[in-house]
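J.: Okay, handing you the structure first.
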Amino acid sequence: MKSKLVIAATAIFFSFTNIANAQTATATMQDSAGQAVGTVTLDQHPNGVLVSAELEGLPAGAHGFHIHAVGSCDDGFKAAKGHFNPEDASHGLGYGTNMHAGDMPNIFVDTDGNVTADVFNHLVTLESGHSNSIHDADGSSIIIHAKADSYGKDAGAGDRIACGVIR
């Protein structure tokens, strides 16, 4: 009986240790009026980062969903700068042989203003010390745009309607 208790305690210890060591980041999203619209959670995996959005209060339809280069939502979200692009790649999921590391598929908001989305981004990491780490010196943000991303050579998803600093 004592050995079963030790095994159970050891399993619980290692479960909590793995949770404590898991690399996770979050971005609390706000709209242009400063109202909270949900959370984006980023979880490190061996081959990239799972980006999970739980959002509400957004306009229905397709919207560009990107990681931007600077961890700031100031100045009407313009302080977030352009897409996270450490490799100086071309824009667009559907253009050329490489793309901005911050380019991700559009999200689709339902008629009630809600969206739940999971996007796997293999071009970024949460691990510091890598050129593609979103935890670089000036941080990174998540931006949601007014329109769908074209996935083409030229960016064009429109105004920035929501932003969250990745922490």
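The values are calculated or read from the model by the stated rules, or taken from the named source; none is laboratory data. If you're wondering where the values come from, they're calculated on a predicted model, not measured in any experiment. So basically every Cβ, Gly included, is an ideal-geometry build from the backbone, and we count neighbours across all protein chains shown.
J.: Can you find a residue that is at pLDDT 95 or above, touching a strand residue (DSSP E or B) at 6+ places or on another chain (Cβ under 7 Å), surrounded by 14 or more Cβ atoms within 10 Å (Cβ to Cβ) and assigned to a helix (DSSP H, G or I) anywhere in region 71-86?
T.: Yes, there is a match, as at least one residue in region 71-86 is at pLDDT 95 or above, touching a strand residue (DSSP E or B) at 6+ places or on another chain (Cβ under 7 Å), surrounded by 14 or more Cβ atoms within 10 Å (Cβ to Cβ) and assigned to a helix (DSSP H, G or I).
J.: Moving on to the next point. What residue, of N98, N132, is of a type in the set (S, T, N, Q) and modelled with pLDDT under 95?
T.: Exactly one of N98, N132 is of a type in the set (S, T, N, Q) and modelled with pLDDT under 95, namely N98.
J.: Identify the single condition in (1) in a loop (DSSP other than H, G, I, E, B); (2) within 17 Å of the chain's Cα centre (by Cα); (3) polar (S, T, N, Q) that T111 does not satisfy, given that it satisfies every other one.
T.: The single condition T111 does not satisfy is (2).
J.: Please pick out the residue among G57, G38, G34 that is in a strand (DSSP E or B), at pLDDT 95 or above and on the phi > 0 side of the Ramachandran plot.
T.: After applying the criteria, what remains is G38.
J.: When the residues of region 114-141 are narrowed to those that are among the hydrophobic types (A, V, I, L, M, F, W, C) and assigned to a strand (DSSP E or B), which ends up farthest from A60 (Cα to Cα)?
T.: F120
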